[in-house]
2 protein chains.
Amino acid sequence: MKSRLLFTVAAIAVSAAALAGPIEDQIRFRQSAYSFIGWNVGKIKAQVADKPDTYNKDQVIAAARAIAAAANSGLGALYGAGTDKGVGWKQTRLKPEFFQQTDEARTVGIAFITEANNLAKVAETGSVDEIKTQLGKLNDTCKSCHDKFRIKE
Amino acid sequence: MKSRLLFTVAAIAVSAAALAGPIEDQIRFRQSAYSFIGWNVGKIKAQVADKPDTYNKDQVIAAARAIAAAANSGLGALYGAGTDKGVGWKQTRLKPEFFQQTDEARTVGIAFITEANNLAKVAETGSVDEIKTQLGKLNDTCKSCHDKFRIKE
């Protein structure tokens, strides 16, 4: 866990590392990653909050593992310099502030990874209510980043 | 492993399950998931084939885990009836044959999951050459599905 966190911190801190491609690719991969994460968050939300009678433990575990693996995949490398402007699947909504408030960007990134990893654990061992609570903590980290660094639609 | 495979087989077989949303959402999430997978495949390819001097074990493990978790996330639920027509991020390239050759679709889906899970294991324990070989096996399953079920650009 510690090594994963350190790697991700490094990936967030070092912009435009070896893994980064052209700006449009970084934005498109970023939009893809968060859409994929959103799909999995939606599945868990449906099964532990909106329609708990549909709760399927294996599906929730698989979705939580997908979120955690995506969170730990080095998404920071997709935030290279200049990627607050450009079109991936669509125009990016990343604010320039992301590159000015680097400590804050790092903090929200680490919080997201931490809560995603916690969700993967709770999905395996926790009750539906505990999963719901942990999903709320993960959502708070998403919202925190969106409020600070994403242009409102 | 076995239970994961069974769940995924069920998800592929039962079209438009509880997890599926509107056709456009399914297509967009599908395109997002495979783009995210492609990004991670690209990172591994760069580090074990194109530029082996950049090989970073932690990064390759993280990418392989992301691919495996995505493969096991129940992507079959995003292949609901009617999703061979429609626009997600862009027009889908899924051929109608996917819904006619269900045994074959299931076979390629299982092959993809199997090789993705193997890649996650080899990334942790194998040599660069072994990871490269296993990545080739995974790529073969991608190509097999594309050749059968994806419209050429």
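The values are calculated or read from the model by the stated rules, or taken from the named source; none is laboratory data. The structure presented is a predicted model; accordingly, all values stated were derived computationally and were not measured. We place every Cβ from the backbone using ideal geometry, glycine too, and count neighbours over all the protein chains shown. For the accessible areas, the whole protein counts, side chains as well, though only heavy atoms, and no ligand, DNA or RNA atoms are used. Shrake-Rupley method; radii C 1.70, N 1.55, O 1.52, S 1.80 Å.
Structural remarks
- The stretch B:28-55 and the stretch B:102-126 have Cα centres spaced 16 Å apart.
- Solvent-accessible area, 1.4 Å probe, carbon plus sulfur percent, for chain B: 55
- Each eigenvalue of the Cα gyration tensor of the stretch B:2-149, multiplied by 5 and square-rooted, gives one semi-axis; in descending order these are 28, 16, 13 Å.
- Exposed-loop-free span, longest in chain B, where trypsin sites (Lys or Arg not before Pro) count as exposed if DSSP calls them loop and at most 14 other C-beta atoms lie within 10 Å: B:1-84
- For the residues of A:52-59, the average number of beta carbons from a partner chain within 10 Å of their own beta carbon is 3.
- Shape category assigned to the protein assembly as shown from the gyration tensor of Cα positions, a/c cut at 1.5: rounded
- Neighbouring partner chain Cβ atoms per residue of B:71-79, average, 10 Å criterion: 4
- Cα-Cα over 25 Å, subset of A:Lys57/B:Lys45; A:Lys51/B:Lys148; A:Lys95/B:Lys51; A:Lys51/B:Lys121; A:Lys121/B:Lys121: A:Lys57/B:Lys45; A:Lys51/B:Lys148; A:Lys95/B:Lys51; A:Lys51/B:Lys121
- A:Thr133 accessible area, 1.4 Å probe, all protein chains in place, Å² to nearest 10: 90
- Chain pair B, A: total accessible area buried, heavy atoms, 1.4 Å probe, Å²: 2500
- Chain A: relative contact order in percent, alpha carbon pairs under 8 Å with at least 6 residues between: 32
- Think of a 1.4 Å ball rolled over the protein heavy atoms: the protein assembly as shown then has 46 Å² of accessible area per residue.
- Sorting A:Tyr55, A:Tyr79 by solvent-accessible area of protein heavy atoms yields A:Tyr55, A:Tyr79, largest first, with a 1.4 Å probe.
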